[in-house]
Amino acid sequence: MERRYLIDENTTPALGDQLRRRQPALEVMSVGDESAPPKGTLDPDILLWIQAHGFTLGNAQSQIHAGPSPSAP
């Protein structure tokens, strides 16, 4: 399974744009997108969302992985 990314709302949209441009097969969403948590969602709720949906959170400082590993059965 490919890794899926959710870009934090406080991160420049260019990060998601660059990921999509360089790796078109990646699933990349940003907080505030139609199927993603809305802007203003609290961090604990974002972490619950990425865990439930198998996403990795991308932000300007680091990446926090809260979902299952792509190699997990």
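For ALA36, only one of the following conditions fails: (1) modelled with pLDDT under 95; (2) within 12 Å of ARG4 (Cβ to Cβ). What is its number?
Failed condition: (1).
Any chance you could count how many residues in segment 1-49 are surrounded by fewer than 15 Cβ atoms within 10 Å (Cβ to Cβ) and aromatic (Phe, Trp, Tyr)?
Matching residues across segment 1-49 total 0.
The values are calculated or read from the model by the stated rules, or taken from the named source; none is laboratory data. As the structure is a computational prediction, the values presented were derived from the model and not from experiment. Positions of Cβ are generated from backbone atoms using ideal geometry, with glycine treated the same way; all protein chains shown enter the neighbour counts.
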